[in-house]
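Structure first, commentary second.
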Amino acid sequence: MSEHVVSTESGPCGADDVVDAAVALVATWVERAAAGESRADRAQSGRLRDVMADPGSVEFTMAFVDRVARPDDHAVAAQQLSGLVERAGLPAFLSPIDRALLGVGAKLAPKLPKIVMPLAQRRMRQMVGHLVADADRDALAKHLRKGREEGFALNVNLLGEAVLGHAEAQRRFDATMAMIGEPSIDYVSVKLSSIAAQLEPWAYDADCERLRNRLRPLFAAAMATAPVTFINLDMEEYRDLALTLDVFTSLLDEPAFQSYTAGIVLQAYLPDSYGALQRLSAWSAARVANGGAEIKVRLVKGANLAMGALMPQCMAGSRPRSAPRPTRTPTTSVVWTGCCAPNTSPGCVSAWPAITFSTLRGLTCFPADEASRAESSLRCCKEWRPPRAAS
């Protein structure tokens, strides 16, 4: 991939300076991706665009996954399918043939559940199999092996968000522990809200301790594998940001995990993420200076803004801050500017040797001096380390 570098004469550039260059860079990525697409790839991409463009299709798809695909009992799934089609109708994103098959299947399913539902589930797998892997051990191992043969590094994440009860949290914990023990898996993402139930913002310190107790066995198991399994702490909502940061840093400060390299996600839509990045930068620099391992920060653009808006309404609180939609991509670039520009401010320690950055989408910005120039093309699932400040 060719080099794309944005520079200014006076050091790190601001968001406004990189927007046009970022748009041009993304356009080249889109063109190259389109040139390499097969006919089947284009059909899958078109179907996904159709789903996302239609609120009714999004609602139908989510309900189908939650209510139809989830039950193991074919009779239960058949009743849910019939009720869903009766309430929501046939989704617009399906082809005429699929719409016809869905309409007939929804009518026959309650009468012939053992025949209709396996066919419906098979068709669903054909449509979304390129997006979601089966959690069955043999099927997952085959999927991971194929990905590695194609040159991909794979981050395995169990679907599902916050849990309601302790039994479900324990089931998710056990499933995560089992993934860490799988020889075919070397990178696992974990959400704190999925392995501990009933997190209470009014018992913040107690929750931090409870979460550290949940994570210690996972981290210890990851360190014991060969090669060492990488654990990445993900987060779902705005309220998880401070909690995840505190648990992440305090746990890795423990002597048992000083040598362990772990990762954390930051959601660049949230203005608070820039301060979180600065905090991680200073903390990781001190950790490495004391003989500890570096960390990885994975930048993602989005956050669950809908849930962040809903929960305060239910609890009579204030909603989290996020950038207005037209300015969210520049907001993301501000965080990237903080990542990619060497920190040379008086009184600040450059933490770049201590942090590796990973992203699926990103844009970079460098000072004009040649000593700090670097390739800024970021590859999916590849690691990239920002340059050191010029001496």
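The values are calculated or read from the model by the stated rules, or taken from the named source; none is laboratory data. Everything numeric here is computed off the predicted structure, so don't read it as measured data. Neighbour counts are summed over all protein chains in view; Cβ atoms, including those assigned to glycine, are modelled from backbone coordinates with ideal geometry.
Residues in region 147-182 that are loosely packed, with under 11 Cβ neighbours inside 10 Å and not acidic (Asp, Glu): how many?
Residues flagged as loosely packed, with under 11 Cβ neighbours inside 10 Å and not acidic (Asp, Glu) within region 147-182 amount to 5.
Using the structure shown, decide if Ala178 is more than 21 Å from Asp136 (Cα to Cα), modelled with pLDDT of 90 or more and of a type in the set (A, V, I, L, M). Please lay out each step first, then the result.
Details: more than 21 Å from Asp136 (Cα to Cα): no; modelled with pLDDT of 90 or more: yes; of a type in the set (A, V, I, L, M): yes.
Spelling it out, it is not the case that Ala178 is more than 21 Å from Asp136 (Cα to Cα), modelled with pLDDT of 90 or more and of a type in the set (A, V, I, L, M).
Hey, Ala285 hits all of (1) surrounded by 14 or more Cβ atoms within 10 Å (Cβ to Cβ); (2) within 21 Å of the chain's Cα centre (by Cα); (3) not basic (Lys, Arg) but one; which does it fall short on?
That leaves (2) as the condition not met.
Provide a single number: the residues in region 235-265 that are touching a Gly at 6+ places or on another chain (Cβ under 9 Å) and among the charged types (D, E, K, R).
Result for region 235-265: 3.
Where the second residue is not in a helix (DSSP H, G or I) and the first is of a type in the set (Asp, Glu) and lies in region 201-225, which pairs have Cβ atoms under 8 Å and are six or more apart or on separate chains?
Within 8 Å, the pairs are Asp207/Ala196; Asp207/Leu199; Asp207/Glu200.
Within the group Ser189, Ser193, which residue is within 21 Å of the chain's Cα centre (by Cα), among the hydroxyl-bearing types (Ser, Thr, Tyr), assigned to a helix (DSSP H, G or I) and more than 15 Å from Asp174 (Cβ to Cβ)? Walk me through it before giving the result.
Working: Ser189 fails: assigned to a helix (DSSP H, G or I).
When all the criteria are applied, what remains is Ser193.
Pull up region 186-222, narrow it to residues that are in contact with a strand residue (DSSP E or B) (Cβ under 8 Å, 6 or more places away or on another chain) and farther than 16 Å from Leu241 by Cα, then point me to the one that is surrounded by the most Cβ atoms within 10 Å (Cβ to Cβ).
Ranking the qualifying residues of region 186-222, first place goes to Leu215.
Of the numbered conditions (1) outside any helix (DSSP H, G or I); (2) within 16 Å of Thr244 (Cβ to Cβ), Pro183 fails exactly one; give the number of that condition.
Just one mismatch for Pro183, condition (2).
Quick one: which helices (runs of 4 or more DSSP H) sit completely within region 36-143 and have at least 1 residues that are in contact (Cβ under 8 Å) with a residue 60 or more places away in the chain? Step through it out loud before you land on a result.
On the way: elements: 39-53, 55-63, 74-88, 96-108, 113-128.
Passing ranges, in order: 39-53, 113-128.
Out of all the residues in region 254-289, which are over 19 Å from Glu236 (Cα atoms) and of a type in the set (S, T, N, Q)?
The answer is Gln258, Ser259, Thr261, Gln278, Ser281, Ser284.
Whether any residue in region 13-22 is among the hydrophobic types (A, V, I, L, M, F, W, C), touching a His at 6+ places or on another chain (Cβ under 9 Å), modelled with pLDDT under 80 and over 30 Å from Pro113 (Cβ atoms) is what I want to check. Spell out how you get there, then give the answer.
Restricting attention to region 13-22, the residues satisfying the condition of being among the hydrophobic types (A, V, I, L, M, F, W, C) are 13, 15, 18-19, 21-22.
If we keep only those that are touching a His at 6+ places or on another chain (Cβ under 9 Å) too, we end up with 21.
Filter once more, so that each one left must be modelled with pLDDT under 80: 21.
Remaining after also requiring over 30 Å from Pro113 (Cβ atoms): 21.
Looking through region 13-22, at least one residue is among the hydrophobic types (A, V, I, L, M, F, W, C), touching a His at 6+ places or on another chain (Cβ under 9 Å), modelled with pLDDT under 80 and over 30 Å from Pro113 (Cβ atoms).
Does region 270-292 include one or more residues that are free of Cβ contacts under 8 Å to residues at least 12 places away in the same chain and charged (D, E, K, R)?
No, because not a single residue in region 270-292 is free of Cβ contacts under 8 Å to residues at least 12 places away in the same chain and charged (D, E, K, R).
Considering region 59-73 alone, what residues qualify as being touching a helix residue (DSSP H, G or I) at 6+ places or on another chain (Cβ under 6 Å) and more than 16 Å from Leu102 (Cα to Cα)?
Pro71
Find the helices (runs of 4 or more DSSP H) located wholly in region 229-342 whose residues include 1 or more that are modelled with pLDDT of 85 or more and closer than 22 Å to Tyr187 by Cα, and list them.
240-252, 272-289
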